[in-house]
Amino acid sequence: MAGRGDGIGRLEGLYNRVTADTPDGARTLNVKSVMALDNDRPNEAAELIGRALVIEPAEYAYLFHLAKVCAKAGWWSHCVDALRRAIYVDPVNPEAWYGLGRAFEELDSIGEAEVCWRQCLALDPKHIGAREALVAHARR
């Protein structure tokens, strides 16, 4: 891809240069993890977001990002764990419930997936993804 000399995107390289002399706080680690994931480095992204969670273990945004990292890498059991922790922190967030349903679907735990999608719809009756997932599984 144009603009990538060392496998790091230009924005990521700039961010790393700007933050080079500062200690890595949770927010910095999260941003670096997001950029690593955007540049198709899920192992590095997981390590970075894991370090952020050591600093701030109950931060919903970091837990949800960890779930995204796990999903992109195909680590579905870990994705479930991250989303369960995210739901513990913010039990009324429909996106976490929807994502947990998708992770269970990937693990062929359709009954658990459907429970999650129903909870998502209870929180957000207009959630299209959850509605479509339930309809798709009702047809099978």
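Quick notes on this structure:
- Failed condition for Ala36, given (1) of a type in the set (A, V, I, L, M); (2) touching a Leu at 6+ places or on another chain (Cβ under 7 Å); (3) surrounded by fewer than 22 Cβ atoms within 10 Å (Cβ to Cβ): (3)
- You will find that of Asp81, Asp108, the residue that is of a type in the set (D, E, K, R) and at positive phi is Asp108 and no other.
- Selection status of Ala96, among the aliphatic types (A, V, I, L, M) and closer than 26 Å to His137 by Cβ: yes
- Subset of the range 99-140 [among the charged types (D, E, K, R) and either in a helix (DSSP H, G or I) or within 20 Å of Trp75 (Cα to Cα) (or both)]: Arg102, Glu105, Glu106, Asp108, Glu112, Glu114, Arg118, Arg131, Glu132
- Unmet criterion (only one of (1) under 22 Å from Leu48 (Cα atoms); (2) among the small types (Gly, Ala, Ser); (3) crowded, with 18+ Cβ neighbours inside 10 Å) for Gly101: (1)
- Checklist (1) over 13 Å from the mean Cα position of the chain (by Cα); (2) surrounded by 18 or more Cβ atoms within 10 Å (Cβ to Cβ) applied to Glu106, failing item: (2)
- Members of the range 122-131 found to be of a type outside the set (Lys, Arg) and touching a Phe, Trp or Tyr at 6+ places or on another chain (Cβ under 9 Å), listed by number: Ala122, Leu123, Asp124, His127, Gly129, Ala130
All of the numbers you see were taken from the coordinates with simple rules; none came from a lab. Model, not experiment: these values are computed from the prediction. Cβ coordinates were reconstructed from backbone atoms using ideal geometry, including for glycine residues, and neighbour counts include every protein chain displayed.
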